[in-house]
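Beneath this line is the structure, given in structure tokens, with notes to follow.
The values are calculated or read from the model by the stated rules, or taken from the named source; none is laboratory data. Computed from a prediction, not measured in an experiment: that's the story for all the values here. In this analysis, Cβ positions are derived from the backbone assuming ideal geometry, glycine residues included, and neighbour counts consider all displayed protein chains. Ligands, DNA and RNA are excluded from the accessible area calculation, which covers all protein heavy atoms including side chains. Shrake-Rupley method; radii C 1.70, N 1.55, O 1.52, S 1.80 Å.
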Amino acid sequence: IFLSTLLQTHGFIPIKAQTGPEGLRKAATRNPGCIILNAMMSEESGIDLYIRLRLDPRLRNVPVIMLSPVPRKTFFQYQKFHSTQAGREIPEPEGYLQSLPEAHELIREVRRVLPGEWPDSEAKESETEGGKNDSCFFRS
């Protein structure tokens, strides 16, 4: 609820998913501008879901902000190991924040990975259907 409210307050349209498969379906059909992904998911590893996102041709170019309680260096070493296990070079996520970040840190990171101008007090209007929009999918 916190992430959803925070994103809405800053003009983004959050798309929430409870499971990895639900998130993949929503991301593929809703075409989010970025994905905020919790690395420590209860049903599956957030890293596994991240790898599936990067291997999906429809989603591989959507910026991902990973939230994790693990220090950045440790996380990226683990992600690189998983990348090797997948048999492909999987790029690092575009953003990484130790969870739960301060509100201003998360909004700054979302604005950094999404192209465009983001005034502090104005919401960006969505682009036309079929194109990328200002929505953020996230896995709680």
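The table for this structure:
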| quantity | calculated |
| --- | --- |
| Candidates per trypsin sites (Lys or Arg not before Pro) in region 1-74, loop by DSSP, up to 14 other Cβ within 10 Å | R58, R60 |
| Surface share of carbon and sulfur [accessible, 1.4 angstrom probe, percent] for region 45-108 | 51 |
| Residues of region 26-76: accessible area per residue with a 1.4 Å probe, Å² | 44 |
| Solvent-accessible ranking of T5, T19, largest area first, probe 1.4 Å | T5, T19 |
| Net length gained if the chain between L55 and L100 were fully extended (0.36 nm per residue, minus Cα distance) | 13.5 nm |
| Cα centre as origin, Lys/Arg/Asp/Glu Cβ charges: region 1-98 dipole, Debye | 160 |
| Cα pair distances of region 7-62 binned at 10 Å [whole percent] | 23, 56, 20, 0 |
| Residues with amide H under 5 Å from that of V64, placed H, sequence gap 5 or more | I35, E94, G95 |
| Largest to smallest accessible area among Y96, Y78 [probe 1.4 Å] | Y78, Y96 |
| Diffusion coefficient, µm² s⁻¹, Stokes-Einstein with Kirkwood Rh over alpha-carbon pairs of region 15-117 at 4 °C and 1.567 mPa s | 93 |
